[in-house]
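Here's the structure we're looking at; comments come further down.
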Amino acid sequence: MYVIGYTKKLFFNGSLFRKQLLSYFISVLIPTLMIVSVYSYTISEDLKSQIKQASDNSGQRVAKSVEDLIGQINYFSLQLSFLPDMNRMLKSPSEFTMYDYYQLKEQVRNQVNSNELFYSVYIYSALNEKFMTSREGLFDIASFYDKPVLEQIRLHSNETFWYQVRDDYITFYKAIPVTDARPLGTLIINIKKDMFINTLYNLNNNVDQRMFIMDSHAQIISPTSEDENNTINQLVVAKATIPSETMQKIHIDSQTYFVHSLTIKGNGWTIVNLIPYDLYKERLFSKMSSLLLIVLVVFLIGLAIAYVFAVKMYNPWKKIIEVLSGSGESKQTADEFLMVSGAISSMIDTIKQNEPVMKDHLISDILRNNVSDKGSISTRLEQVGIVFKEPNYAVIVAVFEAMSQEEAEDPQRKLIFYSMVSETLKTYMHVEGTILDRSKLGFIVNLPRSGMGEEWRQLIHKCYTDMNAIAQAQLNVSLQLIVSDVGTIDRLHAAYEQIRRMLNYKAVINRNDIVFIQDHKNELKFVYPLSLQKQLIHSVTTMNREKAIQCVNDLFEQYLYNAKYPLEKLQGMIVVFMSSIVNELLKDGHDIGSIYKHVDIYKLNECQNNDELYQFMITHISEIITFLEAIQDKQVTNLYVSKTIAYMEDLYTSNISITDIAQLMGVSSGHLSRTFKAETGKSMLEYLTEYRIEKSKDLLRRSTASLQEISQAVGYNDVQSFIRFFKKCEGLTPGEYRKKI
């Protein structure tokens with residue numbers, strides 16, 4: 001009996017363990033397979049998108065090349081239209097002699113020979129119905145050898161430009177002269193097909209030879225080999241099914257391709273690209289191999305994790321059975337049910353104790369749109385003891401201002417704030433709330449009416465007055481309320497999103513203790529104030545503080561104080577305004593590193609309303625103007641110093657003084673001396689003396705003049721003064737220096 005019981009125990013435990021293992025493994029496997037399926041589909045679509053993009057790029061390049069070649073034809077026709085003989089032949093053919101025809105033919109032939117693309121050119125004169133060719137000469141319509149051209153001209157007599165695809169040529173027709181409103185003739189240009197296509201390939205670095213060009217009549221223009229004839233013919237037959245925007249898989253001659261086409265604007269030609277399906281399969285196989293390897297690794301990891309969880313979840317049951325059995329033997333099944341029932345009762349008691357916490361979490365999830373089934377919101381609220389009887393709802397968010405970082409992070413202080421606001425609101429209306437984050441509290445308000453009428457606004461104002469008085473007197477903080485629109489319970493997350501968006505753009509909102517979202521919905525069409533931006537930039541760069549402040553005043557009066565525009569547009573406008581000023585400084589070559597921390601544009605998010613934003617802009621603009629004024633002062637100082645040095649080096653041979661130089665500069669001698677010393681580290685007299693001594697040393701080396709002559713040459717009338725200054729600078733007399741060198 002003991003052996004049988006032990007065997008049953010092992011079988012039950014083993015079965016329970018296997019079920020747990022299987023359930024956990026499936027929990028890992030199913031999401032993994034779903035992710036793999038989605039990722040496989042994404043890889044496939046990405047590869048197709050890459051192939052299509054490459055085909056698009058090739059087609060666009062070929063289309064651009066075709067447009068360029070047609071542009072050459074138009075340019076050629078324009079050149080001919082400006083030839084005096086050409087205009088005379090077309091307008092007065094009866095006055096045109098054979099010699100004139102010969103001269104004109106030679107001109108045309110020279111231009112054709114200079115363009116390797118053109119094979120031959122015909123010019124048809126409508127008034128006398130004659131053809132002049134660049135190769136053979138002049139023909140009347142009866143003797144002209146290229147009859148298809150004549151048929152085309154008669155068939156398209158009312159058109160100014162068309163083309164014809166022939167066996168060996170592509171013939172382009174252009175009405176001339178292009179300068180006249182009524183054409184008097186036709187320019188016919190024959191281009192060999194192989195020359196035309198080779199030119200396209202050369203212009204596009206030899207694009208894929210599986211790219212074909214069809215004209216508007218589904219005729220193949222591209223030259224093909226004999227092996228490709230069947231493929232192209234099938235493609236022509238299937239042209240009606242070729243997609244223009246997406247790729248389609250087709251089968252031609254037991255081969256599979258992706259086919260993609262692009263229509264060239266203007267002439268109706270179609271560029272068709274055949275991409276081998278094997279190329280797609282190779283790339284897909286490479287990526288899927290890597291993916292399958294990852295799946296295998298995830299499979300093994302999932303199996304290991306499932307095993308660990310199954311063991312951990314099985315162990316408590318094993319211990320419970322051991323505890324219940326006492327000696328390791330199982331008791332009656334009823335004991336196990338009592339144990340489970342007691343555990344469930346204990347869990348229910350715990351849930352009741354934690355009901356306030358569950359309320360807070362549920363309200364937070366509702367506001368943050370974390371409840372997927374909106375229809376179950378009322379039921380879930382009732383489950384945690386919240387019953388709303390009215391059909392309409394709004395959201396109120398309370399924001400505490402002037403709160404320090406420590407206060408915002410202190411959970412006990414946040415609970416005090418929440419209790420005060422919640423109790424005050426509940427004395428006036430039916431609300432339930434939660435702590436959102438840092439200094440924000442969120443409340444769901446149940447309203448009997450569908451709109452936020454004047455009565456409810458007054459009630460909210462009265463409630464705000466009571467709670468703000470408590471907040472300032474007891475908690476030393478100020479309070480702001482943001483009230484959403486009224487809606488149904490399934491739109492509470494949208495109402496909270498309105499408030500959250502409003503808080504993100506509070507820098508451009510007027511300072512109010514209570515903000516009603518409804519008051520900010522009548523938005524005008526936003527027109528960017530470009531002229532005002534230019535005025536502000538000019539005022540700042542010219543350091544006109546008064547004008548800059550006036551520009552900011554105009555901006556706020558027109559856009560932020562008295563009008564209603566989209567909040568994101570207003571905040572973006574301020575960022576652009578400030579950025580444009582900084583960019584202008586950078587364009588002018590200013591190094592703004594020293595003031596960058598003082599003009600940090602993104603600090604505007606710290607502004608609580610548009611009054612603080614106004615002060616923010618005024619402060620930043622003042623910092624920038626002060627920076628520019630300092631640069632200007634430095635530039636003026638550098639100009640004074642450089643001019644002073646130039647004067648001293650030019651006039652060092654004369655007996656000049658600091659006063660003389662200051663008079664030349666137009667400043668006082670004291671100011672000039674201080675500026676010079678600050679910039680060079682030397683006094684003006686020291687600089688002049690050193691310059692004179694250097695000049696005298698040069699004269700001592702290169703000449704045999706006496707010390708008296710040298711002293712006068714460098715601006716000293718007294719030779720003793722010269723000797724004294726020389727020895728002070730060099731440590732020896734001029735005579736000793738001359739002997740030394």
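For GLN103 and ARG368, compute 0.36 nm times the residue count separating them, minus their Cα-Cα distance, and round to one decimal in nm.
86.8 nm
Return the sequence-ordered ³J(HN,Hα) values of the range 388-400 in whole Hz as given by the Karplus equation 6.51 cos²θ - 1.76 cosθ + 1.60 applied to θ = phi - 60°, using x for Gly and Pro.
Calculated HN-Hα couplings, in order: 9, 9, 8, x, 10, 9, 9, 10, 10, 10, 9, 10, 8 Hz.
What FRET efficiency do you get for SER216 and ASP46 if R0 is 41 Å and r is their Cβ-Cβ distance, rounded to the nearest 0.05?
0.75
What are the ³J(HN,Hα) values, in whole Hz, obtained from phi via the Karplus relation 6.51 cos²θ - 1.76 cosθ + 1.60 with θ = phi - 60°, for each residue of the range 666-678 in sequence order, with x given for Gly and Pro?
So the J values, rounded to whole Hz, are x, 10, 6, 5, x, 5, 5, 5, 5, 5, 5, 5, 5.
To the nearest 0.05, how large is the calculated FRET efficiency for LYS525 and ASP554 if R₀ is 22 Å and r is the Cβ-Cβ distance?
So, using R0 = 22 Å, E works out to roughly 0.70.
State, to one decimal in nm, how far the label point of SER143 lies from the label point of LEU127, with both points 7 Å from Cα in the Cβ direction.
For the pair SER143/LEU127, the computed spacing is 2.2 nm.
Provide the net charge surrounding HIS538, with neighbours chosen by a C-beta distance below 11 Å and charges set as Lys +1, Arg +1, Asp -1, Glu -1.
Here the charged neighbours net out to +1.
Would you please give the residues with an amide H less than 5 Å from that of TYR565, counting only those at least 5 places away or on a separate chain, with H modeled from the backbone geometry?
Here LEU524 satisfy the definition.
So how much slack lies between ARG61 and ARG182, counting 0.36 nm per residue of separation and subtracting their Cα-Cα distance, in nm?
40.1 nm
Based on the Cβ-Cβ distance of ASP490 and GLN458, what FRET efficiency does E = 1/(1 + (r/R0)^6) give at R0 = 25 Å, to the nearest 0.05?
0.30
Can you list residues from other chains, or at least 5 along the same chain, whose modelled amide H is less than 5 Å from the amide H of VAL477?
GLN472
Can you work out ³J(HN,Hα) from phi for every residue in the range 371-385, in order, using Karplus 6.51 cos²θ - 1.76 cosθ + 1.60 and θ = phi - 60°, giving whole Hz and x for Gly and Pro?
With the stated coefficients, the range 371-385 comes to 9, 6, 8, 5, x, 9, 4, 4, 5, 5, 5, 5, 5, 9, x Hz.
Just from the alpha-carbon atoms, what are the Rg and Dmax of the range 652-741 in angstroms?
Final numbers for Rg and Dmax: 14.5, 44 Å.
Once the other residues with Cβ under 15 Å from the Cβ of PRO183 are scored (Lys, Arg +1; Asp, Glu -1), what is the net sum?
Summing Lys/Arg as +1 and Asp/Glu as -1 gives +1.
How far, in nm, would the chain grow between HIS430 and LYS265 when pulled straight, counting 0.36 nm per residue and subtracting the alpha carbon separation?
52.8 nm
Which distance in nm do the two modelled labels at ARG449 and LYS281 give, with both placed 7 Å along the Cα-to-Cβ direction?
7.2 nm
Mind listing the long-range amide H neighbours of ASN369? Cut-off is under 5 Å, sequence gap 5 or more, other chains count too, H placed in the peptide plane at 1.01 Å from N.
none
Describe numerically, in nm with one decimal, the distance between label points set 7 Å from Cα along Cα→Cβ at ALA473 and at VAL311.
Label at ALA473, label at VAL311, 6.4 nm between them.
For the range 664-727 and the range 449-517, compute the distance between their C-alpha centroids and round to whole Å.
Centre-to-centre (Cα) distance: 79 Å.
Rule-based calculations on the coordinates, nothing more; no lab input. Bear in mind that the values here come from a model prediction, so they are computed numbers and not experimental data. Backbone-built Cβ (ideal geometry, glycine too); neighbour counts: all protein chains shown.
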